[in-house]
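These notes are about the structure you will find just below.
The values are calculated or read from the model by the stated rules, or taken from the named source; none is laboratory data. Not measured: the values here are computed from a predicted model. Glycine also receives a Cβ, built like all others from the backbone with ideal geometry; neighbour counts cover every protein chain displayed.
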Amino acid sequence: PGLPVVLGDNDKIVQLVANLLSNAIKFTRSGSKVIVSAERGEDPALITDHRFRAYVKVSTTDEGIGIAPENLEKIFEKFQQVEDHFTRSQGGTGLGLSICKEIVLHHGGKIWAESTVDVGSTFSFTIPYEEKLPGVRPAASDAAPRQKLVP
Ligand code: ADP
């Protein structure tokens with residue numbers, strides 16, 4: 001509830017979330033849970049005297065095989081797969097997360113993973129947007145640009 005509308009490329013953000021969900025399912029044994037959550041956050045730095053930067057953070061959490069700490073950044077590089085029996089048996093190209101990272105960076109956001117081996121992983125990304133300070137009348141130059149809306 002209360003999530004803002006953010007501007008972005010609808011198809012690419014669907015591709016991004018689908019990729020994270022397909023990994024969450026792929027690296028999790030059947031019968032366990034995958035949770036998706038979304039929340040609004042604020043960056044305290046003002047970008048003008050009446051606007052500041054906020055973001056929507058989306059996370060997928062699984063109860064899967066997990067990722068060792070030394071691989072948490074590597075997996076976002078092209079063709080990087082954690083070399084273990086389970087990963088190899090699942091197939092894949094090792095490209096999905098590098099595409100996710102490209103999409104998020106083009107939206108000005110961040111993407112990262114937190115994980116515990118044999119417990120599960122959480123992948124999170126942010127999509128930033130600008131918000132007006134409450135009670136401040138917007139200047140004419142603040143009119144929203146015409147772009148596709150992502151609910
Ligand atoms: P692919 O899934 O095609 O191998 P990705 O770029 O999507 O390629 O993922 C890279 C690697 O990161 C995977 O091969 C796997 O080792 C690891 N990985 C990604 N998502 C998860 C996850 N949810 N749980 C455990 N490992 C994961």
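Can you pull out the residues in the stretch 103-121 that are touching a residue at least 40 places away in the same chain (Cβ under 8 Å) and touching a helix residue (DSSP H, G or I) at 6+ places or on another chain (Cβ under 6 Å)?
I103
List pairs: first residue in the stretch 53-79 and more than 8 Å from the ligand (Cβ to nearest atom), second residue part of a strand (DSSP E or B) and of a type in the set (K, R) anywhere in the structure, Cβ distance under 8 angstrom, at least six positions apart or on different chains.
If the second residue must be part of a strand (DSSP E or B) and of a type in the set (K, R), the pairs left are A54/R40; Y55/R40; V56/R40; K57/R40.
Residue check: is I99 within 13 Å of the ligand (Cβ to nearest atom), closer than 28 Å to T48 by Cβ and either in contact with a Pro (Cβ under 6 Å, 6 or more places away or on another chain) or outside any strand (DSSP E or B) (or both)? Spell out the reasoning first.
Numbers: within 13 Å of the ligand (Cβ to nearest atom): yes; closer than 28 Å to T48 by Cβ: no; either in contact with a Pro (Cβ under 6 Å, 6 or more places away or on another chain) or outside any strand (DSSP E or B) (or both): yes.
For I99, the condition - within 13 Å of the ligand (Cβ to nearest atom), closer than 28 Å to T48 by Cβ and either in contact with a Pro (Cβ under 6 Å, 6 or more places away or on another chain) or outside any strand (DSSP E or B) (or both) - is not met.
Go through the residues of the stretch 21-29 one by one and say whether even a single one is farther than 21 Å from I127 by Cβ, near the ligand (Cβ under 9 Å from one of its atoms) and surrounded by fewer than 16 Cβ atoms within 10 Å (Cβ to Cβ).
yes
Taking the stretch 118-148 as the region of interest, how many residues are loosely packed, with under 15 Cβ neighbours inside 10 Å, modelled with pLDDT of 90 or more and of a type outside the set (D, E)?
Number of matching residues: 1.
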